[in-house]
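Notes follow the structure.
The values are calculated or read from the model by the stated rules, or taken from the named source; none is laboratory data. Quick caveat: nothing in here was measured; it's all calculated off a predicted structure. When we count neighbours, we look across all protein chains shown, and the Cβ atoms used for this are built from the backbone with ideal geometry, even at glycine.
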Amino acid sequence: MKKKRTLKGMTLIEIIISMFILTVMAGLLLGIGLNVDETTKNTTGMKDKVSVEAPFAGDNRREYIDSAGNVQNLSPESNTVISVTLDGHTQGIDADVYNTADIYDDSVGERGLTDKQDDRDLRFIQVATAGP
Amino acid sequence: MKTEKNRKLHGSVLLTVVAVMALLIIFMTGTLVLANAANRRSHRSYTSSQAEYTARAAIDAFYRSTEDNTAIRDAVLNLGSTATYANVDFGAGYNNSLGRLVDPDGSGTHDGQIRIEQLHDAAGDPITQWKWNPSPEDPSDHTRTLPARWEEFNVIRVTATVQVGQRGARKTVYQDYLANPTTFTPVTPPPPPVSPTALDGFQTIGDSAFNLTGGTLATPVILGLGNSDRTHEYTPQNSSETYSSTFFVNGDLHTQAELHMHIDDYTFQNVITRDFYCDNQLWVHVDYDASALPAGWTQKDVPYFFVNGTFHYNESQLMMGSDQSSSNKAPFNVFMGTADITCTGPVIIAGDLYLMDDDGDSVIVGASNSRLYSWTDSMADDSGSQFVPINQGGGIYSKGSLTYKGGGEIQGDVRIEDDLTIENKDPLTISGNLVARNIVLNAGEAGPKEVRIEGGSAVFCDSLTGTNTEAIQAIQASGLLFSYDDFLASHPEGVYPDTMTREAIYGQDPATSSDLEELFAGFVEPNPDTKIIKNQTELLRAVGYDPVVGDFDGYYTSTPTTVPVQNRDNTYNQATFNGEAGRWTNGSGSVVYFPADYSASGTIEITPSGAGTEFWIVIGEEGETTTWNPETRLIIDDSACTVNIMILGDFQLGDRSCILNSTLGSRISGQTNIDYVDQNTDKVNIMIYGGTGTEFRFGSQCVVSANAYAPYMNLVGTITDGWKVNDYINKYGTSPNWLGSGHSVQWIGNSLFNGLVSPFNNFSFLKLDAGA
């Protein structure tokens, strides 16, 4: 008995459409995945950065130990004079601005941060301790 | 059929693929949303931190401006009840990524400004605060420090709000700082009036022997007042009883036998300035009537037991406090630098226990019936003042760590600023709060035992660990476990009350002091508002020590060249004494002089007949020893005027002799007995002075009733009893618990000697007030 061919495969049109849809979706997936990856890296990097730098900025600490085990000192990023005015009386206070970026870079390195985020370092202002 | 069926499958693969991919995209999009949220949080954390640091810098700059600019400082000191605002410009070197100051009130009218306000209490009065400053900065030279001192400040609140970026975090920071540097006033109490009549009980200046061979001291006891380095150890040998309003040992106390301290008055003060070693049992009987406490009493009124160093105790039991079986729950405070207490039986303290050493590691080991009793069932005064007792007593407060291995019950709080380890071999019940940095509950030697927190109290700590897992789980399951900071937030007095630190209640000793002048210069007095403990410098001042002169005011070390003398015709004039006024064995009038080569005997009665001035008796000569015969009785009528006895050289009383005033002399019965002494009615008005480096030696069974003001003379005892007093009624209306053979007494009155060189047997001292 002649066997009747009953199964039909996908038409060429179907295959082309399928391939097209799969390609578009794969592209979307890849794009989203890359975005998630970058965002996660940035988040981790920012958390690392804040967790490393905050103890120094929070306590106005300028001395730290780098990844080689050497004691390093932060240098002021800039100097400024803070003017305080109360009831018409003004007093200038010398102060230094410190950037804690070096502490992070020396101990952790720049992991997964965009340039924009890499600029976001914690800074603190050290008011001069000397009196008049 | 097959054909129909297969037709239904056309495109199913495509559909499945599309569906799966869509699902994946949805998941990935969700992940992206979450990742972005986390990223925003991390960015917000950054901006929030940065805003906080910048706000704090603004406050720091303002604080510095008040130090550098007197006009700004004065403006702050003259703040009214409303807030004021100060402009703060961060200057040219400022990086915009640090953020910008915005209005702390949120209205936008004070952008670029910070808010300054004086804090006020509920009554509207400015809030001030006392602070202990161990190394204050010299305002005229910031590189130098001034001596440690207490400082009072106005409490000023400065608030700054900073926003980082247009959409970044906005952070408000306030700091209460203590302004008003113009009121930096060291607390130095004015010296009290100097008077030798301030003599109070038995007092010694030098490193005297205090090897008591038992006895009853019904008197204040002050030992080693002039010892500046406190290196001497006082070692009572036999069982002794004290009935003292003041018991002050300047050095180490090392008891070899039982010591019973009776507290019949709420003014009781016990001070050991160094360590206290007990080689036998210590009993502190708190017997005073709690109802006698003044209305509105505070910690200053509570009798105390103060050991500045370590309390070493290794006995079968320890009892300190009132009898809890009676209704008289008398308040009582126990202060120790560090506790080293190990008892096979109970450790019972009916009061609060304060352990003052910051770096102390205290240990308390007791049996299952150990107790820290509360002294009352409820507080009548709950004003919230820090100096009113903060609970009902029966608590432990420690600056250092504590290991508690006892069972039993603690009816008050357990507050440890350091770590607490509990290895209870018996069940332990704590009725107050349990507070410590880190709490370790370990199974004791008898396995894990219950640690029960009762009365709605709670546990506050940063960590709760240990091998007693049942107790730990019970606390964790109770819902009453909170953080250490939670306790601080609701208890402004601190875990260990600020007003009960060593610096607050006692003062601060200099690191070293080789002499008394250096001690006076270096000792930092406590704030008078919080002072509780008697200290060495105030006791020295009380007995006339002048730290400027470096000597005792009113003290005679040689014959006064000009004294008021009584003439034979009972008139008085100022006469010059030349040492040859005559020999007087019995009589009245003029100066009575007993030369060194005259050995008195029998009964000598001296009766000054004039009133309103002083009368002098001179005994001996410088560099010579005066020895009287046995059974010599010198009876002096001190009712009309103060009688001064100047002892030049060494003086030896004969056996069974006495020097008594006529009041007690009239009560002599038998050879060496006095019928009674009543502290409520009897007084003694005889003053004894002694030359430098001299000795007042007692023969066997002697007694003296006088006030001795002889800080450079030594009292030399004998290994015999004194006279026997058949009855002594103290000011509390009770008779002491006599020790030794009969009521042996060597001294009646008050005395300040350099030291007690050789111990008496059953040394007993009865306090009488000075006066006629």
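Looking at (1) outside any strand (DSSP E or B); (2) under 26 Å from B:TYR234 (Cβ atoms); (3) touching a residue at least 60 places away in the same chain (Cβ under 8 Å), which is the only condition B:TYR709 fails?
For B:TYR709, the exception is condition (1).
Residues are listed down the side, and each one gets a yes or a no for (1) of a type outside the set (A, V, I, L, M); (2) at the interface with chain B (Cβ under 7 Å from one of its Cβ atoms); (3) surrounded by 16 or more Cβ atoms within 10 Å (Cβ to Cβ):
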{"residue": "A:LEU12", "(1), (2), (3)": "no, no, no"}
{"residue": "A:ILE16", "(1), (2), (3)": "no, no, no"}
{"residue": "A:MET19", "(1), (2), (3)": "no, no, no"}
{"residue": "A:LEU34", "(1), (2), (3)": "no, no, no"}
{"residue": "A:THR40", "(1), (2), (3)": "yes, yes, yes"}
{"residue": "A:GLY45", "(1), (2), (3)": "yes, no, yes"}
{"residue": "A:LYS49", "(1), (2), (3)": "yes, no, yes"}
{"residue": "A:ASP59", "(1), (2), (3)": "yes, no, no"}
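Quick test for you: out of B:GLY80, B:GLY106, B:GLY112, B:GLY124, pick the one residue that is within 11 Å of another protein chain (Cβ to nearest Cβ) and not hydrophobic (A, V, I, L, M, F, W, C).
Working: B:GLY80 fails: within 11 Å of another protein chain (Cβ to nearest Cβ); B:GLY106 fails: within 11 Å of another protein chain (Cβ to nearest Cβ); B:GLY124 fails: within 11 Å of another protein chain (Cβ to nearest Cβ).
When all the criteria are applied, what remains is B:GLY112.
Can you pull out the residues in segment A:30-73 that are at pLDDT 85 or above and hydrophobic (A, V, I, L, M, F, W, C)?
A:LEU30, A:ILE32, A:LEU34, A:VAL36
Can you name the condition, by its number, that B:ASN6 falls short on among (1) modelled with pLDDT of 75 or more; (2) loosely packed, with under 14 Cβ neighbours inside 10 Å; (3) within 7 Å of another protein chain (Cβ to nearest Cβ)?
Only one criterion in (1) modelled with pLDDT of 75 or more; (2) loosely packed, with under 14 Cβ neighbours inside 10 Å; (3) within 7 Å of another protein chain (Cβ to nearest Cβ) is unmet by B:ASN6, namely (1).
Within segment B:457-485, restricting attention to residues that are without any contact (Cβ under 8 Å) to a residue 24 or more places away in the chain and part of a loop (DSSP other than H, G, I, E, B), which residue is nearest to B:LEU420 (Cα to Cα)?
The extreme case among them is B:SER483.
Check whether at least one residue in segment B:29-47 is more than 8 Å from chain A (Cβ to nearest Cβ), touching a residue at least 60 places away in the same chain (Cβ under 8 Å), crowded, with 17+ Cβ neighbours inside 10 Å and within 24 Å of B:GLN166 (Cβ to Cβ), and report yes or no.
Yes - at least one qualifying residue is present in segment B:29-47.
Exactly one condition in (1) out of contact with any helix residue (DSSP H, G or I) (no Cβ under 8 Å at 6 or more places or on another chain); (2) at the interface with another protein chain (Cβ under 10 Å from one of its Cβ atoms) is not met by B:SER97; state its number.
(1) is the only condition that B:SER97 fails.
Report yes if B:SER228 is out of contact with any strand residue (DSSP E or B) (no Cβ under 6 Å at 6 or more places or on another chain), more than 27 Å from B:TYR373 (Cβ to Cβ) and not charged (D, E, K, R), otherwise no. Break it down stepwise before answering.
On the way: out of contact with any strand residue (DSSP E or B) (no Cβ under 6 Å at 6 or more places or on another chain): yes; more than 27 Å from B:TYR373 (Cβ to Cβ): yes; not charged (D, E, K, R): yes.
Here the answer is yes, as B:SER228 does meet what is asked.
Contact list please: Cβ distance under 8 Å, first residue in segment B:341-369 and among the aromatic types (Phe, Trp, Tyr), second residue modelled with pLDDT of 90 or more and not in a strand (DSSP E or B), pairs at least six apart or on different chains.
Cβ pairs passing all conditions: B:TYR354/B:TYR496; B:TYR354/B:MET500.
Take B:ARG73 and decide whether it is more than 8 Å from chain A (Cβ to nearest Cβ), part of a helix (DSSP H, G or I) and buried (at least 17 other Cβ atoms within 10 Å of the Cβ).
The answer is yes for B:ARG73.
Only strands (runs of 3 or more DSSP E) wholly contained in segment B:272-346 count here; list those with 3 or more residues that are of a type in the set (A, V, I, L, M, F, W, C).
By residue number, B:282-286, B:304-315, B:318-321, B:333-343.
Suppose the filter is at pLDDT below 85, under 25 Å from A:THR39 (Cβ atoms) and either of a type in the set (Ser, Thr, Tyr) or crowded, with 16+ Cβ neighbours inside 10 Å (or both); does A:ASP121 pass it?
Considered against the rule, which asks whether it is at pLDDT below 85, under 25 Å from A:THR39 (Cβ atoms) and either of a type in the set (Ser, Thr, Tyr) or crowded, with 16+ Cβ neighbours inside 10 Å (or both), A:ASP121 comes out as yes.
Going by the conditions given, is B:LEU402 closer than 29 Å to B:ILE532 by Cα and assigned to a strand (DSSP E or B)?
When the stated conditions are applied, B:LEU402 passes them.
Taking the conditions exactly as written (over 30 Å from A:ASP37 (Cβ atoms), surrounded by fewer than 18 Cβ atoms within 10 Å (Cβ to Cβ) and small (Gly, Ala, Ser)), does B:SER97 satisfy them or not?
no
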